[in-house]
1. May I ask you to compute the full-extension gain from Phe169 to Ala51, defined as 0.36 nm times their residue separation minus their alpha-carbon distance, rounded to one decimal in nm?
2. Going by alpha carbons, how many degrees (0 to 90, nearest 10) lie between the helix axis of 52-65 and the longest principal axis of the chain?
3. Could you work out the relative contact order of the range 128-271, using alpha carbon pairs under 8 angstrom and six or more residues apart, expressed as a whole percent?
4. Taking other Cβ within 10 Å of each residue's Cβ, how do Ser5, Ser115 sort, fewest first?
5. How high is the FRET efficiency from Tyr27 to Leu227, r the C-beta distance, R0 22 Å, rounded to 0.05?
6. From the P(r) of the range 3-267, can you give the percent of Cα pairs sitting at distances over 35 Å?
7. Among Trp93, Trp223, which comes first, second and so on when ranked by fewest other beta-carbon atoms within 10 Å?
8. If R₀ is 22 angstrom, what is the calculated FRET efficiency for the pair Tyr135 and Ala95, using the beta carbon separation as r and rounding to 0.05?
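FYI, it's all coordinate maths here, none of it is from the lab. The shown structure was predicted, so the numbers you read here are calculated from the model rather than taken from an experiment. Please note: Cβ atoms are built from the backbone with ideal geometry, for glycine as well, and neighbour counts cover all protein chains shown.
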Amino acid sequence: MSEASFVERFGVQVLEGFSSIAEAFSYLALRGIRVVEINLNNPYFLAQLTAEPERAEIAKVAQDEGITWVAHLPETIGFFEIAEQVFARYLTWLARLQEKASDAGCKALTVHLGSAPHLAYSGQRRQGTDLFREYYETTLLVRLRRAANLLRNGPPVCIENVGGFHQQFVRDILARIDGLSYTMDIGHLKVAHPRIADAEFCFFREHANAIRVVHVHDNDGEWDGHLPVADPAALEPYLGFARELDAYLIMEVRPVEAAISSLAALTGIKR
């Protein structure tokens, strides 16, 4: 992948600081940024995407400004939900949101599987996935296959390496399912225990063709503070791998001005 292509595929995430998605697009276009991830944990952004007039405006402004955009879905109910009826409603909502995002021109959506549940047990805090492994292995396989089939016709819904993804048995299940897409978060790899980081990076190398989005941010290696990026070398070998992918790269740093400064540090282009 050429350096020019790398720069053209690199943008920023927006969570706050704008009254609307369309306003964010117009502002960033003026700064020469043409790739944007909209974080739908902002309830106002989510409401705009699900309302037809605002959705039409989002699509028009993106087209007029030459913006390619992706979305980060709300961090809500996940695949480890015990109540099947609740999960079924969540999956239906996810499919409807994918359809609305597609109408607005969205190219990919990042989703979290959810956190593997913890339980207080015999005076110790233990994960439910350890206590009831057979249940979760069976349930996750079925649910992820359902999701892969239901969501295959819209913009790819990309599973991010966070929460339950960190468990090896979950990645083993993901590897058994065709049609899934992924978001590789470099900051999450950097902050993970080395054993987990190595295993996850191996997973991503084996599924490189399925990676649609890469999140880029720095941290101190102990806690993931989504820090600005000043030294590209601090993100290796992950950043070098990301350069070769056919994926959108998103600076997941806040506020947006810090993301733009980090973008300049990695691309050499001041906005």
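1. Numbers: separation 118, 0.36 × 118 = 42.48 nm, distance 3.87 nm.
Additional length available on full extension: 38.6 nm.
2. Computed tilt is about 50 degrees.
3. Values: 186 pairs, mean separation 27.2, N = 144.
For the range 128-271, the relative contact order is 19 percent.
4. Numbers: Ser5 11, Ser115 16.
Least to most surrounded, the residues fall as Ser5, Ser115.
5. 0.45
6. Values: 5005 of 34980 pairs.
Result for the distance tail: 14 percent.
7. Working: Trp93 14, Trp223 8.
Lowest to highest Cβ neighbour count: Trp223, Trp93.
8. Numbers: r = 25 Å, r/R0 = 1.12.
About 0.35, to the nearest 0.05.
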